[in-house]
Structure formats: structure tokens, C-alpha cells
Amino acid sequence: MPDLPRKKVGLISCSGEEMPEGTVTRRAVRRVLDTLRPDDTVTLCLPLFLAGGEGERAFARYYPTIAVDGCDKRCAALATEKYSAKPAASIIVTEIAKKCGCGQIGTARRLSAEGLRLAGEVAGKIAAKTDRLLKKKPKGVPRGVGGGER
Amino acid sequence: MKRKIPVVPCSGIGKSLGAAAREAAYILAEDLRPDKAKVVALSLLVMGDEDARREVAGGEAVAIDGCQLECATKGLACSGATKVHKVAVFDVVRRHRGLKPEGVCDLNEDGLKLARATADEAAKIVDNSSGESNNA
């Protein structure tokens, strides 16, 4: 067993560069890594994971992961399961968008204000799932997390 | 038959150079060569999505990589492209030594300049490619 750091949750975001939901996943994951749960999360690089990155694959075998996918093709979740282990949790942006009644979220290159709001919603859900996986008391998510971040 | 050349950028979210690779792909496909290039997602290709593979198979493609692990190039190489043209942001930044790219979701000014320089290099490749597809 390799020498592993303390328990953290690995976040794997979609690499859907051709769709705005992919951009939402990346922004949401960065938000969690940088601001919401910086001490509890790490990012696993999906392309590296797919290209055979042994460090990424080993992490996902031993630690809980959350797959954050843009659409129901679920590349991040399926890749994690195929090469390591089933993700402990899975989030699909299109489903959250439906639930929160988001309008036009912009383009893959530039999210609109609605897209930023959606990214905030997704980030909040990732943070909540992280707390649950680490069995931590939910810390909550600051208000207005979605708009104009960073 | 002329086809749009598929452009596959890095999809890493850990470093600014990956973000610059992605931004370069958008600049190329939306601003510089909208009639000749289109962005294709690396994960779809590698996971075997039929539509994505059809875009790539039997023709030339451009990989824009953020780091030396070259995931985009490797992914394209396994996806049936006849020739993979590599553009490496980590090489482009060496040719523009004054640039200090920062940010991932939102690149700073230098990051955007780096993305533009990368897209310019990729545009030359697109202009010199045949645009032919064996799948036409």
C-alpha cells in the first residue's frame, strides 16, 4: 500500500469542451477545490486518468471520488469505474439544471450569469456530498456562491 | 470532401497551461478558422463515443496539450486519426518568455495572450492540412 495522505475526496470533472455543461463542471469543481472545501478535496485529471495516469487511478482505488459530469453520457463516472472503482457519488449537471430551472447558460467558452449560477449550485452539491463522504458535519455553502466567482 | 479538422484540447483543470490549451481551441474554432476547425472533447473520444470517433477517424486532427503528459495527443492517436498534429502550450510559452499565465477558470491577460499565440500556431497547421477525410 503506498504512503497515502489523509483522507480526501477526489473530484473528477467532465472534459466536455464542446458543451457549456462541461465548462460548468470545471468551474464548479475549481470552486470546491479553491474555496469551499480546499482541505478535503483534490482533483483527479480525467484526461490523465484516461491516458493511463497510475497515480490518478491508484487514488481512485483507495479513496472516495465524486464524478461531476456535464451530460448523461457520464464520461467521468464511467471512466472512473472502468479504470479504478465506482465513484462514491455522481453528479450530472443537466439534471441539476432542470431542477433549478436555469435558463440559457451561455457557451462552452463563456458562461452567462445563469451558467455561473448553475456552477454555484453544482459546487454546493459537490461540497455537500464531500461532507457526507467524509462524515463531516455539513459546513454549508456561502450565499451567492454561483455568480461572478473568482 | 472537405471536413472541419477536429481540434482536441487538454481538459485538465489543475494548471493554467491546460486552460490556455482549451481557450486556444475555442479561439481557433470560433474566431480564427470557424469554417475549418471544430472542437471535439477528449473524454468522448477516449470513452468511444461514436459521434466523436466519426469526427476524427480517417483524417487529420490537431491536439493542443497543456503539459508534457500529452493526453490529447495520446487520446487522438488511439482514435483513428490518420495524422495527429501536436501543438504544445508548454513549448509555446517558452517562445513567449515574458508571459506569466495564471488562473484556470478565468485566465489572466497573459494567459489569454498565450492562448492566442497557441491558436495562431494551430491555425497555420489547419491551413496547411489537406482537410481530406477517408470517411467522406
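The values are calculated or read from the model by the stated rules, or taken from the named source; none is laboratory data. Model, not experiment: these values are computed from the prediction. With ideal geometry, Cβ positions are generated from the backbone for all residues, glycine too; neighbour counts draw on all protein chains shown.
With within 27 Å of A:R74 (Cβ to Cβ) and either touching an Asp or Glu at 6+ places or on another chain (Cβ under 6 Å) or aromatic (F, W, Y) (or both) as the only criterion, which of B:A41, B:A29, B:A57, B:A19 stands out?
None of the other options fit; the residue is B:A41.
This table checks each residue for (1) at the interface with chain A (Cβ under 9 Å from one of its Cβ atoms); (2) more than 10 Å from the chain's Cα centre (by Cα).
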| site | (1), (2) |
| --- | --- |
| B:R3 | no, yes |
| B:G12 | yes, yes |
| B:L32 | no, yes |
| B:E55 | no, yes |
| B:A63 | no, no |
| B:C71 | yes, yes |
| B:S79 | no, yes |
| B:K86 | no, no |
| B:F90 | no, yes |
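Only one of (1) modelled with pLDDT of 95 or more; (2) in contact with a helix residue (DSSP H, G or I) (Cβ under 7 Å, 6 or more places away or on another chain); (3) not aliphatic (A, V, I, L, M) fails for A:T80. Which number is that?
Result: A:T80 fails condition (1) only.
Quickly run through the stretch A:49-58 and pick out the residues that are touching a Cys at 6+ places or on another chain (Cβ under 8 Å) and either at the interface with chain B (Cβ under 9 Å from one of its Cβ atoms) or in a loop (DSSP other than H, G, I, E, B) (or both).
A:L50, A:A51, A:G53
On the given criteria, is A:V93 within 13 Å of another protein chain (Cβ to nearest Cβ) and either closer than 25 Å to B:A19 by Cα or surrounded by 18 or more Cβ atoms within 10 Å (Cβ to Cβ) (or both)?
In short, no.
Within the stretch A:17-74, track down each residue that is of a type in the set (S, T, N, Q) and under 12 Å from the mean Cα position of the chain (by Cα).
Answer for the stretch A:17-74, where residues must be of a type in the set (S, T, N, Q) and under 12 Å from the mean Cα position of the chain (by Cα): A:T23, A:T25, A:T41, A:T43, A:T65.
Answer yes or no as to whether A:V24 is more than 15 Å from A:D131 (Cα to Cα), among the aliphatic types (A, V, I, L, M) and within 14 Å of another protein chain (Cβ to nearest Cβ).
Yes; evaluated as a whole, the condition is true for this residue.
Taking the conditions exactly as written (over 18 Å from B:S129 (Cβ atoms) and more than 9 Å from chain A (Cβ to nearest Cβ)), does B:E50 satisfy them or not?
Against the criterion (over 18 Å from B:S129 (Cβ atoms) and more than 9 Å from chain A (Cβ to nearest Cβ)), B:E50 qualifies.
Listed here are the residues, each with its yes/no results for (1) within 8 Å of chain B (Cβ to nearest Cβ); (2) crowded, with 24+ Cβ neighbours inside 10 Å; (3) touching a helix residue (DSSP H, G or I) at 6+ places or on another chain (Cβ under 7 Å).
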site	(1), (2), (3)
A:L11	no, yes, yes
A:A28	no, yes, yes
A:V42	no, no, no
A:P47	yes, yes, yes
A:Y62	no, no, no
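Residues to consider are B:A52, B:A57, B:A77, B:A20; find the one that is in contact (Cβ under 8 Å) with a residue 12 or more places away in the chain and either over 28 Å from A:A28 (Cβ atoms) or touching a strand residue (DSSP E or B) at 6+ places or on another chain (Cβ under 8 Å) (or both).
Step by step, each of B:A52, B:A57, B:A77, B:A20 is checked, and only B:A57 is in contact (Cβ under 8 Å) with a residue 12 or more places away in the chain and either over 28 Å from A:A28 (Cβ atoms) or touching a strand residue (DSSP E or B) at 6+ places or on another chain (Cβ under 8 Å) (or both).
Count, please, the residues in the stretch B:95-125 that happen to be in a loop (DSSP other than H, G, I, E, B) and on the phi < 0 side of the Ramachandran plot.
Final tally of qualifying residues: 12.
With the condition kept exactly as written, say whether any residue in the stretch A:127-136 is modelled with pLDDT under 90 and either of a type in the set (D, E, K, R) or over 30 Å from B:E30 (Cβ atoms) (or both).
Yes, the stretch A:127-136 contains a residue that is modelled with pLDDT under 90 and either of a type in the set (D, E, K, R) or over 30 Å from B:E30 (Cβ atoms) (or both).
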